[in-house]
Amino acid sequence: MNTTIDLLQRHRSIRKYKPDPVPDEAFDAIIRSAQSASTSGNMQAYSVIAVKDQEMKKQLAHLAGEQPYIAECPVFLVWCADLNRLKYACEPEGGAVIPATAELFIIATVDAALAAQNAAIAAESLGLGIVYIGGIRNNPQPISDLLELPDLVYPVFGMCMGYPDEAPDVKPRLPVRAVLHRNRYSSGAFADGIAEYNETLRHYMLTRAVTRAGSRRDTTWSKEMKARLERNARLHMKGFLNNRGFLLE
């Protein structure tokens, strides 16, 4: 339809990178593009930490669940929800106490996600590849200590970035009818879409996808989601967020 839509629909997660560094001019354009994302009330309640130090990347790879591509990519970005900066912004006006409300937590988390997605699109438009790293939340306190994050800042996710050294297939998504509701939500509307997607993803996983372990699997989306939900992952996050000054009210 146009080059922007084509770029968006060709997104793939990249886990193998060439050693070439990301040029400074390109990286600056990527971050500026991130800053152009929508932000609630112009709060811009996020920060991003670019990690290029090899030893730090190795530590982050370990803390994020032994994901070697964090150490191998030229630059690793840690996207943070940041309410701390607002304290300093309010000082010229006599200061302000930052309320630890669910609403501000949502604002900061969404702001970080929107900015990161802008960065991802900008990077891919320049021939770079990325992969999001949710494993950054496996050990959020040690990672916060390593990055010297103050209170009212927490790491939402990481992002590997660099020039791709692989060309994986695009993973299929749910049919549109399984995610699009018209006028009101209808649970019955997506039953057929889920059934179709189970077969589509099963075929993809058997014929085109190679897992991180280097094998193919006979699985479906329903099986994958059931297993994921039964793991009850990262139950430490609520306590961690409370300790960082989030979600206290």
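Read-outs: derived from the displayed coordinates by stated rules, not from any lab. As the structure is a computational prediction, the values presented were derived from the model and not from experiment. Please note: Cβ atoms are built from the backbone with ideal geometry, for glycine as well, and neighbour counts cover all protein chains shown.
With viscosity 1.002 mPa s and temperature 20 °C, the Kirkwood radius over alpha carbon pairs of segment 176-229 converts through Stokes-Einstein to a diffusion coefficient of 172 µm²/s.
What list of ³J(HN,Hα) couplings, whole Hz, do you get for segment 187-202 from phi and the Karplus terms 6.51, -1.76, 1.60, once you set θ to phi - 60° and write x for glycine and proline? Coupling constants for segment 187-202: 4, x, 6, 10, 4, 5, x, 5, 4, 5, 5, 4, 6, 4, 5, 4 Hz. Normalised by 2.2 N^0.38 Å, where N is the number of residues, the C-alpha radius of gyration of segment 110-249 stands at 1.29. Between the amide H of Val131 and those of Ile14, Cys160, distances stay under 5 Å, these residues lying 5 or more places away or on another chain, with hydrogens modeled in the peptide plane. Taking Cα centre as origin and charging only the Cβ of basic (Lys, Arg, +1) and acidic (Asp, Glu, -1) residues, the dipole magnitude of the chain rounds to 1100 debye. Karplus-based coupling profile of segment 167-173, in residue order and whole Hz: 9, x, 5, 6, 6, x, 10, with θ = phi - 60° in 6.51 cos²θ - 1.76 cosθ + 1.60 and x standing for Gly or Pro.
With N residues in segment 1-51, what two-decimal value do you get for its Cα radius of gyration over 2.2 N^0.38 Å? Intermediate values should be presented prior to the final figure.
Details: Rg = 14.4 Å, N = 51, 2.2 N^0.38 = 9.8 Å.
Output field value: 1.47.
Considering segment 37-133, its Cα convex hull presents a mean projected area of 7.7 nm². Of all the options Tyr46, Tyr197, Tyr69, the one that moves most in a Gaussian network model of the chain with Cα springs shorter than 10 angstrom is Tyr197. Build a GNM of the chain with springs between Cα atoms under 10 Å: which of Val156, Val176, Val110 gets the top mean-square fluctuation? Comparing Val156, Val176, Val110 in a Gaussian network model of the chain, the most mobile one is Val176. The HN-Hα couplings worked out from phi for segment 54-60 by the Karplus form 6.51 cos²θ - 1.76 cosθ + 1.60 (θ = phi - 60°) are 5, 5, 5, 5, 5, 5, 5 Hz, whole numbers, x standing for Gly and Pro. Diffusion coefficient (Stokes-Einstein, Kirkwood radius over C-alpha pairs, 37 °C, 0.692 mPa s) for the chain: 164 µm²/s, rounded to a whole number.
What does the helix-only formula give at 222 nm for the chain: each DSSP H stretch with n ≥ 4 adding -39500 (n - 2.57), the total divided by the residues, and the result rounded to the nearest 500 deg cm²/dmol?
On the way: 10 runs with 107 residues, N = 249.
Only helices count here, giving -13000 deg cm²/dmol.
Relative to the first principal axis of the alpha-carbon coordinates of the chain, what is the inclination of helix 24-35, with its axis defined by its Cα atoms, in degrees from 0 to 90 and to the nearest 10? The two axes meet at around 80 degrees.
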